[in-house]
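Down below is the structure, laid out as structure tokens.
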């Protein structure tokens, strides 16, 4: 029997977090670093506890990218317990040479394309480069800009190109209100907070019931990760 939205329990989704903090009725995507062996020590245990896993080499850590064993990384990302690749991306503010960032970014997008896994993107002053990626990597099922702090116009450009936008604890209200609900995710990132507080804050800003926001973000989640709920 298929339950109606009123009959089933609606989940709160935290699409990106570096800190494990999840309560009943919530799903958290925990980001793990493939270059840090300790991050993977309890991988199975985390998965069995209902935590969804996101793995990728952050642009800040792509220094000497040529030294990273790409085949080993692809083997890690092929693990069915890893549902999303990220956070990956490009950052013109960090000290890592941009060419090395690009090499790492493109290599991981190729893996996402091959594995048909969504990506979560770190973007700092690199919208022009990032926005071209979906035209090249056609098998990546979804593109999520994480921790978006840009303006309304930038948000609208991403949305027009089919990106999802994830808002964290810091955002510009005018950007959030410009984003259609079917393109929104929420995240705690490294704040250590609980996503429930963010749902309440955002619902208040959008002048909608928290339940409506929960329902729509869950539908966004189901459209990308149909087997995780």
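Observations
- Difference of contour (0.36 nm per residue) and Cα-Cα distance, residue 71 to residue 36: 11.0 nm
- Residue 100 versus residue 160: modelled label distance in nm, points set 7 Å from Cα along the beta carbon direction: 3.6 nm
- Ellipticity estimate at 222 nm from DSSP helix runs (n ≥ 4, -39,500 (n - 2.57)) divided over the chain, nearest 500: -10000 deg cm²/dmol
- Protection-proxy order for peptides 153-159, 186-192, 43-49, each taking the mean of Cβ atoms within 10 Å per residue, highest first: 186-192, 153-159, 43-49
- Computed across segment 171-229, the Kirkwood hydrodynamic radius from all distinct Cα-Cα pairs reaches 12.2 Å.
- Estimated FRET transfer efficiency (residue 177, residue 26; beta-carbon r; R0 22 Å; 0.05): 0.35
- Put in order of Cβ neighbour count within 10 Å, fewest first, the listed residues 143, 60 become 60, 143.
- Using the Cβ-Cβ distance between residue 206 and residue 139 with R0 set to 35 Å, the FRET efficiency works out to roughly 0.60.
- On Cα atoms only, tilt of 210-224 relative to the major axis of the chain in degrees: 40 degrees
- Axis of helix 98-115 versus longest Cα principal axis of the chain: the two differ by about 60°, to the nearest ten degrees.
- 0 to 90° range, to nearest 10: angle between helix 195-206 axis and the chain longest Cα axis: 70 degrees
- Alpha-carbon spread of the chain, three principal axes, descending order, Å: 51, 41, 32
- When the Gaussian network model of the chain links Cα atoms closer than 10 Å, the mean-square fluctuations of 165, 144, 63 top out at 63.
Read the figures in this text as sums done on the coordinates, not as results from a lab. Here the structure is a predicted model, which is why all the values come from computation and not from measurement. Please note: Cβ atoms are built from the backbone with ideal geometry, for glycine as well, and neighbour counts cover all protein chains shown.
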